[in-house]
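**Student:** Supplied in structure tokens, the structure appears directly below.
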Amino acid sequence: MIEWRTHGIKTSQIAKKLGLSTRHTSDMMGRVMRKVGVDDVALLTRWAMANGMDEALPPETEEMREIVPPKVYKGKIKLGRLRTAGVGRGAHAQGGRRPQPAGIPGFTT
């Protein structure tokens, strides 16, 4: 993964090669870079060269390229309310009393 990234292969392309999501691959690269102690790809490349990871990648041919089919979601997609019960509501939603408006004469609930 480090060799691919230091040779200019984008994170999304690495994700396709590994069969992972781009987000997961990006998170993994972030953890690797944090453990190595660098914060950009140029410094990661310098680190890889200093640690013997600067070998040239073999050319990619059609036989080597794995085509990953897209994932098909077969479950139902629920498009209901986005808020869960009790989130963003007052105390009365959890069984408490509804607050009385102050200063309004004759107002009762």
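Where a number appears in this text, it was derived from the coordinates with a stated rule and is not lab data. The structure displayed is predicted, hence computed values, not measured ones. Using ideal geometry, Cβ is built from the backbone for each residue, glycine included, and neighbour counts are taken over all protein chains shown.
**Student:** If you rank 49, 33, 1 by fewest surrounding Cβ atoms within 10 Å, what's the result?
**Tutor:** 49, 1, 33
**Student:** Take 55, 3 and order them by how many other Cβ atoms sit within 10 Å, fewest up front.
**Tutor:** Working: 55 9, 3 13.
With the sparsest Cβ surroundings first, the list reads 55, 3.
**Student:** Quick check: from the Cα gyration tensor, does the range 2-50 come out rounded (a/c under 1.5), prolate or oblate?
**Tutor:** oblate
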